[in-house]
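Okay, so here's the structure we're looking at.
Laboratory data are not the source of any read-out in this text; all were calculated from the coordinates shown. The model shown is predicted, which means the values in this text are computed figures rather than measured ones. FYI the Cβ positions are ideal-geometry reconstructions off the backbone, even for glycines, and counts take in every protein chain you see.
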Amino acid sequence: MYGANVIIFEGILTFHNQAVLDLLDVKVFVDTDADTRLARRLKRDITERGRDLKGVLTQYNRFVKPSFDLYIAPQMAHADIIVPRGGDNNVAINLIVQHVISQLQSRGLKVREKLLEGWHNQESLPAPSSLFVLPSTSQIKGLHTFIRSVDTPRDEFIFYSKRLIRLVIEYALSLMPFKEATVETPQGMLYKGKRGAVSKICGVSILRAGETMEQALNEVLKDIRIGKILIQTNTDTGEPELYYLRLPRDIADYRIILMDATVATGAAAMMAIRILLDHDVPEENIMLLSLLMAQSGVHSIAYAFPKVKLVTTAVDPEINDKFHVMPGIGNFGDRYFGTEPCDYY
């Protein structure tokens, strides 16, 4: 879901397995002249592997060439395109590139639309067990009333958002593992309490709205490390794209608090989770925090990543055609940073 619209599967036996063949949209066989193949092998084995000329030629004639004729060459029958001269054949390469571009344009996959479409087919599903919603008290509803109101000035929007952010972070930390601990009080008596069982926690914010949650996280977890992922919507396609990434090198050893202010379809959050998984973070060590989530986004993320905990202060029922949560709070980043257009409302 990020980084690549095209997957290239390469290898000398790529076309051997029928199940793999069925997955490939374009099958390319790169053919190279036999003399060129032999010259490359001689150069590599003699200069890099310390072998002599006689030994290389003997192996080539007894094993390499017969194996090519028996196993590799017949695979040309499965190819859609055979490219002679390999990387030197610019005409063939350009034709392949244009074909791939035309296929991508004709398919026009819209991730967010697909996620929303999938939700409409499953609206009756119960809330997933991985969802944790801050208990709804009068105080919580009061804070939501402030940040949801169109009439709330920016300074008050920031103030009450920060209060709500602090509460959801404290709630999320209560879901972390704890262990029994006994301490001595100043009165010389013992108190049986709890200590966090996790020593390595890293916050990761999805820029830019997720960055608004960093201050509260720093206030409750001393010296916590912070990573950043910049995912923005492509103005041409309307789809989320990865633009910037900064994570600790040993992030796989940490429990991750992934932060984004709102979750609508869940496309950006799913991309961020996929990035963390690709950096070897175990799925069960990821917790996604958000002030507000849409039901469709909750179910999409929970279906794709069932071990990821989803923590929020409220879940709204709908998403409009602009992928905004309804009734929602508007564009959180624009309201918080004061970048909304004057006719936003």
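Of note:
- Summed over all non-identical Cα pairs, the Kirkwood treatment of the stretch 122-195 gives a radius of 15.9 Å.
- Between 0 and 90 degrees, the angle of helix 90-107 with respect to the longest Cα principal axis of the chain falls at about 40 degrees.
- Note on the chain: with a GNM built from Cα contacts shorter than 10 Å, the maximum mean-square fluctuation among 94, 218, 320 falls on 94.
- Among 275, 203, 178 - extreme Cα towards positive end, dipole of the stretch 118-337, charges at beta-carbon: 178
- Each Lys and Arg Cβ is given +1 and each Asp and Glu Cβ -1; about its Cα centre, the stretch 137-265 then shows a dipole of about 480 debye.
- Looking at the chain alone, DSSP beta bridges between its own residues are antiparallel in about 35 percent of cases.
- GNM flexibility winner over the chain from 14, 185, 313 (Cα, springs under 10 Å): 185
- Violating pairs (Cα-Cα greater than 20 angstrom) within the set 194/222; 162/309; 179/200: 162/309
- Placing +1 on the Cβ of every Lys and Arg and -1 on the Cβ of every Asp and Glu, with no other charges, gives the stretch 18-108 a dipole of roughly 420 debye about its Cα centre.
- Quarter the surface of the alpha carbon convex hull of the chain and you get the mean projected area, 27.5 square nanometres.
- Expected 222 nm ellipticity per residue - DSSP helices of 4 or more, -39500 (n - 2.57), all of the chain, to 500: -10500 deg cm²/dmol
- Taken over the Cα atoms of the stretch 18-108, the convex hull encloses 130 Å³ per residue.
- Longest to shortest principal axis, alpha-carbon extents of the stretch 231-345, angstrom: 46, 28, 25
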